[in-house]
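Take a look at the structure below.
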Amino acid sequence: MRVEVMQQLLAERQQAGLLRALKVPQQVKGRLIRDQGRDYLNFSGNDYLGLSADPAVIAALQQGAADYGVGSTGSPLVSGQQAPHQALCDEICDWLNVEAVLLFSSGFAANQAMLLGLADTDETLLLDKLSHASMIDAALQHPGGYQRFLHNDLASLEKQLTSHSDKAVVATEGVFSMDGDSPDLLRLSQLCQQYQAPLLLDDAHGLGVLGNEGAGSLAAAGLASQTSQCLMANFGKALGGQGGFLATSKLVADYLTQKARHFIYSTALSPALAVAMRQSIQLCRSEQWRRDALQSNISLCRELAAHYELALMPSQSAIQPLLIGDSHKAMLVSQQLAEQGIWLSAIRAPTVPLNQARLRITLSALHTQADLQLLFKTLKDLL
Ligand SMILES: Cc1ncc(COP(=O)(O)O)c(C=O)c1O
């Protein structure tokens, strides 16, 4: 590409208030971000249960590195999948009551493998309009093509299922990353069953947070893991680590082991991380207080927003977006919050639709009541 084309895009984005740039804090730990010697309250992380800097998880990572080394040194089928990876897979199978788990270097890769691997060339992928970029990118590559149904709209999905009769695969999310809302999974899965369309579910933001032992959105809806043909989730949100996985039947996992290029041709997860993630899952399952603390922060967040007449988008999850609209204004408020010691990034197009820029508040079990009171009081003053 010619440099003038790049320069033009950068100038256009700058002018529209849409230029993306890295912010590099010194340290993100617990509920705080440290930047240039100053501490900020972090309302822009996905460490929903506070596991990322938990001493037991850190100790597991250290011990894992001492026992197995830092890197896996190979792709899974060559030499990369080792005892700690298998122990992690077994732990997830037990947790989610599934037969098999495949590990990936990221949730993005896991989603790509799931959609590209499990939609046949003559099947159309039906995707929620607000699906994550990792699913959209897979859909764009799918030879059978794709269609997007209106967000969480079952009538719109049914219309598409009708027109594709038995040649459709449905993909959606347990909790949507930018809006924080959820589909009616019970009715959605019934529709999929009625039209014999396999369901592929991304539960990146539901796993750990929802359901008994944090087993995720399906468990919270009273549904078995097998309701979806394959479930994708990642370690980078509630579990406080990095990487992703697919949880599914043995048959589907065997099939993907032949076909999924993101699995076959990529270095396996760090074995040290596999040890740490197993520890993190054990804490997630046994320490219900983390979900209780998060849930009471979600309730308090909504109460405070109502009290200060700040219209949060309709979400019951740890993601509580405050719609601002104009991207310049969203950036300005984000900067003003930073001046008051609050780290809350503005989310702008193209991540969200144009003129729907927002402050995407994400909550953690570690936030205190005082943190939330300060956030909403400051937002009220600024808005
Ligand atoms: C809904 C959703 N799916 C997939 C991903 C990708 O996961 P990862 O960050 O592990 O690549 C993300 C994370 O940004 C997400 O929010």
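Exactly one of these conditions fails for residue 126: (1) surrounded by fewer than 22 Cβ atoms within 10 Å (Cβ to Cβ); (2) touching a residue at least 12 places away in the same chain (Cβ under 8 Å). Give me its number.
Among (1) surrounded by fewer than 22 Cβ atoms within 10 Å (Cβ to Cβ); (2) touching a residue at least 12 places away in the same chain (Cβ under 8 Å), the lone unmet condition for residue 126 is (1).
Kindly evaluate residue 244 against the criterion of being at positive phi and under 19 Å from the mean Cα position of the chain (by Cα).
Working: at positive phi: no; under 19 Å from the mean Cα position of the chain (by Cα): yes.
Here the answer is no, as residue 244 does not meet what is asked.
List, please: which pairs have Cβ atoms under 7 Å, are six or more places apart or on different chains, and start with a residue in the range 236-253 that is under 9 Å from residue 207 (Cβ atoms) and end with one that is outside any loop (DSSP other than H, G, I, E, B) and more than 9 Å from the ligand (Cβ to nearest atom)?
Cβ pairs passing all conditions: 238/214; 238/284; 239/277; 239/280; 239/281; 239/284.
Scan the range 271-297 for residues that are within 14 Å of the ligand (Cβ to nearest atom) and open to solvent by 10 Å² or more (accessible area, probe 1.4 Å) and jot them down.
273
Tell me which of these residue 292 doesn't satisfy, since it passes every other one: (1) outside the structural domain of residue 81 (by TED's automatic domain parsing); (2) within 19 Å of the chain's Cα centre (by Cα).
Result: residue 292 passes all but (2).
May I ask you to list the residues in the range 162-176 that are surrounded by fewer than 22 Cβ atoms within 10 Å (Cβ to Cβ) and not acidic (Asp, Glu)? Steps first, answer last, please.
Taking the range 162-176 and keeping what is surrounded by fewer than 22 Cβ atoms within 10 Å (Cβ to Cβ), we get 162-167.
Residues satisfying the conditions are 162, 163, 164, 165, 167.
How do the pairs read when you match residues in the range 172-188 that are farther than 17 Å from residue 359 by Cα and within 11 Å of the ligand (Cβ to nearest atom) with residues anywhere that are part of a loop (DSSP other than H, G, I, E, B) and among the β-branched types (Val, Ile, Thr), using Cβ under 8 Å and keeping only pairs 6 or more apart or on different chains?
Cβ pairs passing all conditions: 175/209.
Which of (1) open to solvent by less than 40 Å² (accessible area, probe 1.4 Å); (2) more than 18 Å from residue 198 (Cα to Cα) is the odd one out, the single condition residue 218 does not satisfy?
Residue 218 satisfies all of (1) open to solvent by less than 40 Å² (accessible area, probe 1.4 Å); (2) more than 18 Å from residue 198 (Cα to Cα) except (2).
From the list 41, 51, pick out the single residue that is in a strand (DSSP E or B) and touching a helix residue (DSSP H, G or I) at 6+ places or on another chain (Cβ under 8 Å).
On the way: 51 fails: in a strand (DSSP E or B).
Checking each option against the conditions leaves just 41.
The values are calculated or read from the model by the stated rules, or taken from the named source; none is laboratory data. As the structure is a computational prediction, the values presented were derived from the model and not from experiment. Every residue, glycine among them, receives a Cβ derived from its backbone with ideal geometry; neighbour counts consider all protein chains shown. Accessible surface is based on the protein model in full, side chains and every heavy atom, while ligands, DNA and RNA are left aside. Shrake-Rupley method; radii C 1.70, N 1.55, O 1.52, S 1.80 Å.
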